[in-house]
Amino acid sequence: MGGAHRKPISAIEKRQRRIQQQQARQQARGSEKRGASPFLSVSETRLIRDLRSMKVITPATLAMRYEIMISTARRVLRDLERRGVVQRVSGNARLPVYTIAASA
């Protein structure tokens with residue numbers, strides 16, 4: 001007999017408060033100064049200026065120059081490629097090679 005048990009009102013209220021707190025945190029985060037990428041704290045103009053001085057750009061060179069992890073450098077380069085700042089010219093899945101795009 002019986003049916004599905006419903007959650008108590010206190011549990012529902014807790015969930016609503018938690019959701020509101022998460023939304024408030026996300027809004028506070030959204031007002032922060034944005035760099036070249038959400039993964040890198042350098043301004044976009046400085047990053048592009050630095051990249052123009054390089055013949056080829058790899059995740060390893062970006063990681064060494066800005067002291068970030070290689071996985072973060074890969075994400076930054078993929079993001080810049082999507083936006084048309086850099087262009088992938090060679091490489092495989094493990095080692096992509098980029099150059100600055102002509103329009104950047």
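Within the stretch 77-104, how many residues are among the aliphatic types (A, V, I, L, M), in a helix (DSSP H, G or I) and either in contact with a Gly (Cβ under 8 Å, 6 or more places away or on another chain) or more than 13 Å from Leu47 (Cα to Cα) (or both)? Outline the logic, then answer.
Looking only at the stretch 77-104, we keep the residues that are among the aliphatic types (A, V, I, L, M), and these are 77, 80, 85-86, 89, 93, 95, 97, 100-102, 104.
Narrowing further to those that are in a helix (DSSP H, G or I): 77, 80.
Subsequent filtering for residues that are either in contact with a Gly (Cβ under 8 Å, 6 or more places away or on another chain) or more than 13 Å from Leu47 (Cα to Cα) (or both) retains none.
Residues meeting the conditions: 0.
Kindly provide the set of residues from the stretch 77-104 that are loosely packed, with under 14 Cβ neighbours inside 10 Å and among the polar types (S, T, N, Q), ordered by number.
Ser90, Asn92, Ser103, listed by residue number.
Of a type outside the set (Ser, Thr, Tyr), in a helix (DSSP H, G or I) and touching a strand residue (DSSP E or B) at 6+ places or on another chain (Cβ under 8 Å): is that true of Ile48 in this structure? If you could, list the steps in order and put the result at the bottom.
Details: of a type outside the set (Ser, Thr, Tyr): yes; in a helix (DSSP H, G or I): yes; touching a strand residue (DSSP E or B) at 6+ places or on another chain (Cβ under 8 Å): yes.
So Ile48 fits the description; yes.
Can you name every residue in the stretch 51-60 that is surrounded by fewer than 15 Cβ atoms within 10 Å (Cβ to Cβ) and in a helix (DSSP H, G or I)?
Passing the criteria: Arg52, Ala60.
Which ones in the stretch 61-76 are surrounded by 13 or more Cβ atoms within 10 Å (Cβ to Cβ) and either over 16 Å from the mean Cα position of the chain (by Cα) or in a loop (DSSP other than H, G, I, E, B) (or both)?
Thr61, Arg65, Ile68 - these are the residues of the stretch 61-76 that are surrounded by 13 or more Cβ atoms within 10 Å (Cβ to Cβ) and either over 16 Å from the mean Cα position of the chain (by Cα) or in a loop (DSSP other than H, G, I, E, B) (or both).
Please find, within the stretch 26-45, the residue that is modelled with the lowest pLDDT out of those that are closer than 18 Å to Thr99 by Cα and not in a helix (DSSP H, G or I).
Ala36
The values are calculated or read from the model by the stated rules, or taken from the named source; none is laboratory data. Treat the numbers as computed from the prediction; the structure is a model and nothing was measured. When we count neighbours, we look across all protein chains shown, and the Cβ atoms used for this are built from the backbone with ideal geometry, even at glycine.
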